[in-house]
Amino acid sequence: MIVPDDGYLAGVREPTRRAGCLFIADEIQSGLGRTGRTLAVEHESVVPDVVLLGKALGGGIVPVSAVVARREVLEVLRPGEHGSTFGGNPLAAAVGTAVVELLETGEFQRRAAELGVVLREGLESLLGAGVVGFRARGLWAGVDVDPALGTGREISERLMREGVLVKDTHGSTIRLAPPLTITAEELQGALRTVGKVLARRV
Ligand SMILES: *Cc1c(COP(=O)(O)O)cnc(C)c1O
């Protein structure tokens with residue numbers, strides 16, 4: 001999990017526009033409110049040509065993804081040129097539409113931004129106590145655990161046994177992506193568990 005430096009996305013937008021090539025933002029994890037904005041590219045007020053959505057789009061119920069773009073881009077594919085067995089599944093489409101509607105009021109984006117502060121504070125307090133570094137935006141964090149404590153996979157399994165689900169990435173880095181409906185108390189409880197597990201040498 002790497003947060004782009006300030007100006008990076010704007011720096012991609014300009015040359016791609018000039019060259020007439022598509023800027024495709026994969027927001028499958030970062031999109032739909034997670035980072036405190038509907039799309040993470042909004043942190044830099046950048047509008048890509050194509051945005052990819054998935055995962056949360058299915059509300060945890062159905063596997064569904066989407067390619068979002070303006071008509072001019074989408075019309076490159078004509079009807080019948082791109083087939084998919086389960087594409088256009090009515091239940092998946094209904095769930096995806098409902099998820100997008102849930103984001104209309106901005107409540108979840110606001111929650112992610114506010115709880116992101118709680119997440120950041122909790123992780124800061126763990127720096128030097130098993131955590132060697134972290135990168136976070138909204139309710140989303142990549143946490144570098146001291147490699148002496150185990151691999152990301154091992155740490156994830158220890159946390160799972162304590163009731164906290166995280167995902168290992170590379171090396172000793174774990175990814176925290178709690179549900180946007182989590183309460184501040186639940187988040188603090190999860191962070192306490194992370195602290196407890198990291199304090200223990202297994
Ligand atoms: C999961 C994931 C994908 C793949 O999405 P599918 O819907 O399984 O095709 C692509 N990009 C990112 C960043 C993902 O997290």
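Once the Cα gyration tensor of the stretch 107-200 is diagonalised, what are the square roots of 5 times its eigenvalues, in whole Å and ordered largest first, as equivalent ellipsoid semi-axes?
Working: eigenvalues 87, 33, 28 Å².
The equivalent ellipsoid of the stretch 107-200 has semi-axes of 21, 13, 12 Å.
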Listed residues GLY31, GLY20, GLY58; largest mean-square fluctuation, Gaussian network over the chain with Cα springs below 10 Å, found at GLY20
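If you rank LYS196, LYS55 by how much accessible surface each has, with a 1.4 Å probe, what is the order from largest down?
Details: LYS196 110, LYS55 135 Å².
Accessible-area ranking of LYS196, LYS55, largest first: LYS55, LYS196.
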If one builds a Gaussian network model of the chain from Cα atoms under 10 Å apart, the most fluctuating residue listed among ARG110, ARG71, ARG34 is ARG71
As a Kirkwood estimate from alpha-carbon pairs, the chain has a hydrodynamic radius in angstrom of 18.6 Å
Share of accessible surface on carbon and sulfur in the stretch 1-112, whole %, 1.4 Å probe and ligands ignored, is 58 percent
GNM of the chain, Cα pairs under 10 angstrom: of THR105, THR151, THR38, the biggest fluctuation goes to THR105
Quick shape check on the stretch 26-102: root eigenvalues a ≥ b ≥ c of the Cα gyration tensor, a/c under 1.5 is rounded, otherwise prolate if a/b tops b/c, else oblate, and it reads oblate
In whole angstrom, the spacing between the Cα centers of the stretch 5-22 and the stretch 101-119 equals 27 Å
For the chain, longest principal axis from Cα atoms; helix 107-126 axis from its Cα atoms; angle between them, nearest 10 degrees, is 30 degrees
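About its Cα centre, what dipole magnitude does the chain give when the only charges are +1 on Lys and Arg Cβ and -1 on Asp and Glu Cβ, stated in debye to the nearest 20?
Details: 23 positive and 25 negative charges, 78 e Å.
Dipole of the chain, to the nearest 20 debye: 380 debye.
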Checking rank on 73-83, 39-49, with mean other Cβ inside 10 Å and highest first, the result is 39-49, 73-83
Only helices counted: for the chain, with every DSSP H run of 4 or more residues adding -39500 (n - 2.57) and the sum spread over all residues, [θ] at 222 nm is -11500 deg cm²/dmol
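Provide the per residue accessible area, probe 1.4 Å, for the chain, rounded to a whole number of square angstrom. Write down the numbers at each step before the final one.
Working: 11890 Å² over 202 residues.
Counting only protein heavy atoms, the per-residue value for the chain is 59 Å².
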Between PHE134 and residues 5 or more places away or on another chain, the pairs with built amide H atoms under 5 Å apart involve ASP144
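The values are calculated or read from the model by the stated rules, or taken from the named source; none is laboratory data. Computed from a predicted model, the values in this text were never measured in an experiment. Every residue, glycine among them, receives a Cβ derived from its backbone with ideal geometry; neighbour counts consider all protein chains shown. Surface areas here come from the heavy atoms of the whole protein model, side chains and all, with no ligands, DNA or RNA. Shrake-Rupley method; radii C 1.70, N 1.55, O 1.52, S 1.80 Å.
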